[in-house]
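A.B. asks: Sharing a structure below in C-alpha cells format, with a few things to ask.
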Amino acid sequence: MIELHRLRKTYPGGVAALDGVDLHVAPGEIYGVVGRSGAGKSTLLRAVNLLERPDSGTVRVAGQELTALGSAELRAARRRIGMIFQQFHLLSARTVAGNVALPLELAGVARSQRGGRVRELLDLVGLSDKAGEHPARLSGGQRQRVAIARALATDPAVLLCDEATSALDPYTTVEILHLLRDLNRRLGLTILLITHDLGVVERICDRAGVLDAGRLVESGPVGGLLGEPGSALSALAQAVR
Amino acid sequence: MIDLLLPATGETLHMVGLATLFTVLVGLPLGVLLGYGPAPVRPVLGAVVNVGRSVPFVILMIAVIPLTRALLGTSIGTAAAVVPLTVGAIPFFARLVEGALRDVDPGLTEAGHAFGATRVQIVARILLPEALPALVRGLTVTAVALVGYSAMAGVIGGGGLGYLAIRYGYQRFETDVMLATVAVLVALVQLVQFTGDRLARRLDRR
Ligand SMILES: Nc1ncnc2c1ncn2[C@@H]1O[C@H](COP(=O)(O)OP(=O)(O)OP(=O)(O)O)[C@@H](O)[C@H]1O
Ligand SMILES: [Mg+2]
C-alpha cells in the first residue's frame, strides 16, 4: 500500500534526515517506526504525502507514484491519505463538526452531503454529542478523536500518525490506540505511525522498523524483532526498561 | 456649542467610517498578497507598502490632492478627506493583516496541505477564519488611528471635529470649543476600542 524506494532528503544545514530509506507497508497493516530524536521519523512520515519532498527516490501509495504527479493530481492523491498530528492541529474557529467537514469542503463535496457524512464520522469515533462544541472545550483525547474523524472524512486508504499519542496521558493513549486498531480492522485502514513510545508499537503494530540517522536499520514483525536478542528493537526495549 | 459639535461629530464619523470601509476593502486583499501572494509579487508589494508607510501623513495629505481631484472633482470637504485617510491607512492595515495571518499556527496550514487544500483554500478556509480575532484587533487599531488622522485632515479643510477645533478653538481663541472637541474625540476612541476589544474577544475560541 505504501512503497518508499531509496528516499533521500538532506536539509539545507547538511543533515541527512533520510539516507536511502526503503519501506513497504502492506494493505491493512499497522506499521510503526521508532528511533531516537532526530533520526528522521517525522521527515519519513511527511515524505509519504510529500509534505516534505525527498531529494530523490520514489513514493508510491495505493499503486500511484506520488513523486511523479503534478500539483493538482497530488492534491487529489492526498485526499486518499489521512494524517493526524501530535498537536492535533484542529481549527479553533470551527466547531467539532466544522473541523470534520473541512476535508469534505476542500474536496468540493456538496453541503447537502456533508452533514450526513460528518455525523457518520463523529459516530465512528464516539463523539456524536460534541458536534457543536469548539475544540478548546475538549480534552486531549477527544481532540485527537476529532482529528481522526477529520482524517477519515474523505475515506482514505492510508492513515499517517505523527506521534499521535505523545501529548496524551497513558489512559487516553490506550483509548486512542484501541480506536486506531478498531478502525484498522473495521475499515481495512493501513496505518503508518511514528512514535518514540515502544509501548505503542508493542500494543498495536503488526510490523515495525527502527530508524537511525536516516537509515532504516531494521524492519520486521514486532513479535519476532522483540524476541530476537540482538535486534535493534529489543535493544531499544532493554534500554527503556 | 452643541450646534457646532453635533454636525462636526457626524462629519468625523462619516470620514472615519468610509475610510475604514475602503481600507478594509483594499487593505485586506493587499495584506493577504503580502504574505501569501505569488512569490514575484510579494517583494514588489512590500516595497510599495513600505514607501506608503514612511511618508508622513501631513505630506501624504497634500501629495494625494491631485488624486482626490481626479476622483471627486474637489479636494476640500468631508468626502475629499476620505481619500488621503484611506491611502494612508491601507498600507498600515495591510501590514497588520499580513502579521495576523503569519501568526496562525503553521501546523494548521500543514494540516490543510495534508488534506489537499489549494493555496486559495488555505487562505480562505484556514488562515482568515483563524486570524479573525487578530484581524478585528488590527482593524480597531486602524480605526483609532483614523480618528486621529481625521482631525489632522480637518486642518486642510476636511471638516469634522479637527476643523472645528482649528477654526473656533485656535483661530478664535474659544478654548471651550477646543476642549469639547477633544473630549468628543477621546470618547470616540474609547468607544471604538471598547467595541473592537469585545468583538475580538467574542470571536476568539482558542
Ligand atoms: N525544516 C528543517 N530544516 C533543517 N533541518 C531539519 C528540518 N526538519 C528536520 N531537520 C533535521 O533533520 C533531522 C531529522 O528530523 P526529524 O524531525 O525527521 O526527526 P525525528 O526523528 O522526527 O525527531 P523527533 O523524535 O525529535 O521528532 C534532524 O537532525 C533535524 O534537526
Ligand atoms: Mg518528529
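The values are calculated or read from the model by the stated rules, or taken from the named source; none is laboratory data. All figures in this text were calculated on a predicted structure; none of them were measured in a lab. Counting neighbours? That spans all protein chains shown, and the Cβs are built from the backbone with ideal geometry, glycine included. Side chains included, ligands, DNA and RNA excluded: accessible areas come from the protein's heavy atoms. Shrake-Rupley method; radii C 1.70, N 1.55, O 1.52, S 1.80 Å.
A.B. asks: Would you pick out the residues in segment A:141-156 that are open to solvent by 10 Å² or more (accessible area, probe 1.4 Å) and within 18 Å of residue A:175 (Cα to Cα)?
C.D. replies: A:142, A:143, A:145 - these are the residues of segment A:141-156 that are open to solvent by 10 Å² or more (accessible area, probe 1.4 Å) and within 18 Å of residue A:175 (Cα to Cα).
A.B. asks: Within the group A:159, A:177, which residue is away from ligand 1 (no atom under 16 Å from the Cβ), away from chain B (no Cβ under 14 Å), crowded, with 16+ Cβ neighbours inside 10 Å and closer than 18 Å to residue A:41 by Cβ?
C.D. replies: Just one listed residue meets the conditions, A:177.
A.B. asks: Which of the following residues is open to solvent by 30 Å² or more (accessible area, probe 1.4 Å), touching a Leu at 6+ places or on another chain (Cβ under 9 Å) and among the β-branched types (Val, Ile, Thr): A:58, A:95?
C.D. replies: The match here is A:58.
A.B. asks: Here are A:106, A:138, A:127, A:122: which of them is crowded, with 17+ Cβ neighbours inside 10 Å and either in contact with a Cys (Cβ under 8 Å, 6 or more places away or on another chain) or in contact (Cβ under 8 Å) with a residue 40 or more places away in the chain (or both)?
C.D. replies: A:138
A.B. asks: So which of B:95, B:125, B:137 is over 24 Å from the mean Cα position of the chain (by Cα) and open to solvent by 60 Å² or more (accessible area, probe 1.4 Å)?
C.D. replies: Sole residue among the options that is over 24 Å from the mean Cα position of the chain (by Cα) and open to solvent by 60 Å² or more (accessible area, probe 1.4 Å): B:125.
A.B. asks: Still on this structure, please answer the following. Would you please list the contacts, defined by Cβ atoms under 9 Å and residues six or more apart or on different chains, that run from a residue in segment B:172-197 that is assigned to a loop (DSSP other than H, G, I, E, B) to a residue that is surrounded by 14 or more Cβ atoms within 10 Å (Cβ to Cβ) and among the aromatic types (Phe, Trp, Tyr)?
C.D. replies: B:174/B:168
A.B. asks: Sort through A:78, A:53 and tell me the only one that's away from ligand 2 (no atom under 16 Å from the Cβ), farther than 29 Å from residue A:185 by Cα and either open to solvent by less than 10 Å² (accessible area, probe 1.4 Å) or within 14 Å of chain B (Cβ to nearest Cβ) (or both).
C.D. replies: Checking each option against the conditions leaves just A:53.
A.B. asks: Only residues in segment B:132-147 that are under 16 Å from residue B:29 (Cβ atoms) count as the first member; pair them with residues that are of a type in the set (Ser, Thr, Tyr), Cβ under 9 angstrom, at least 6 apart or cross-chain, and list the lot.
C.D. replies: Short answer, once both residue conditions are applied: B:139/B:20; B:139/B:23; B:142/B:20; B:142/B:23.
A.B. asks: Of all residues in segment A:186-215, how many are open to solvent by 50 Å² or more (accessible area, probe 1.4 Å) and within 14 Å of ligand 1 (Cβ to nearest atom)?
C.D. replies: Residues in segment A:186-215 being open to solvent by 50 Å² or more (accessible area, probe 1.4 Å) and within 14 Å of ligand 1 (Cβ to nearest atom): 5 in total.
A.B. asks: Spot the failing condition for residue B:181; the list is (1) modelled with pLDDT under 95; (2) closer than 15 Å to residue B:136 by Cα, and only one is missed.
C.D. replies: All conditions pass for residue B:181, except number (2).
A.B. asks: Now, a different point. Within segment A:10-32, can you find the residues that are open to solvent by less than 30 Å² (accessible area, probe 1.4 Å) and either within 14 Å of ligand 2 (Cβ to nearest atom) or within 14 Å of another protein chain (Cβ to nearest Cβ) (or both)?
C.D. replies: The answer is A:17, A:18, A:32.
A.B. asks: Of all residues in segment B:149-171, which are in a helix (DSSP H, G or I) and free of Cβ contacts under 8 Å to residues at least 40 places away in the same chain?
C.D. replies: Passing the criteria: B:155, B:165, B:166, B:167, B:169, B:170.
A.B. asks: Among all residue pairs at least 6 apart or on different chains, which show Cβ distances below 7 Å where the first residue, located in segment A:33-50, is more than 10 Å from residue A:211 (Cβ to Cβ) and within 14 Å of chain B (Cβ to nearest Cβ) and the second is part of a loop (DSSP other than H, G, I, E, B) and more than 9 Å from ligand 2 (Cβ to nearest atom)?
C.D. replies: Here the result reads A:46/A:52; A:47/A:54, each pair linking segment A:33-50 to a residue that is part of a loop (DSSP other than H, G, I, E, B) and more than 9 Å from ligand 2 (Cβ to nearest atom).
A.B. asks: May I ask you to verify whether residue A:218 is among the acidic types (Asp, Glu), crowded, with 17+ Cβ neighbours inside 10 Å and without any contact (Cβ under 8 Å) to a residue 60 or more places away in the chain?
C.D. replies: In short, yes.
A.B. asks: Go through (1) open to solvent by less than 60 Å² (accessible area, probe 1.4 Å); (2) within 14 Å of chain A (Cβ to nearest Cβ) and name the single condition residue B:87 misses.
C.D. replies: Against the list (1) open to solvent by less than 60 Å² (accessible area, probe 1.4 Å); (2) within 14 Å of chain A (Cβ to nearest Cβ), residue B:87 comes up short only on (2).
A.B. asks: Consider segment A:33-42. How many of its residues are open to solvent by less than 40 Å² (accessible area, probe 1.4 Å) and either more than 13 Å from ligand 2 (Cβ to nearest atom) or small (Gly, Ala, Ser) (or both)?
C.D. replies: Number satisfying all stated conditions: 3.
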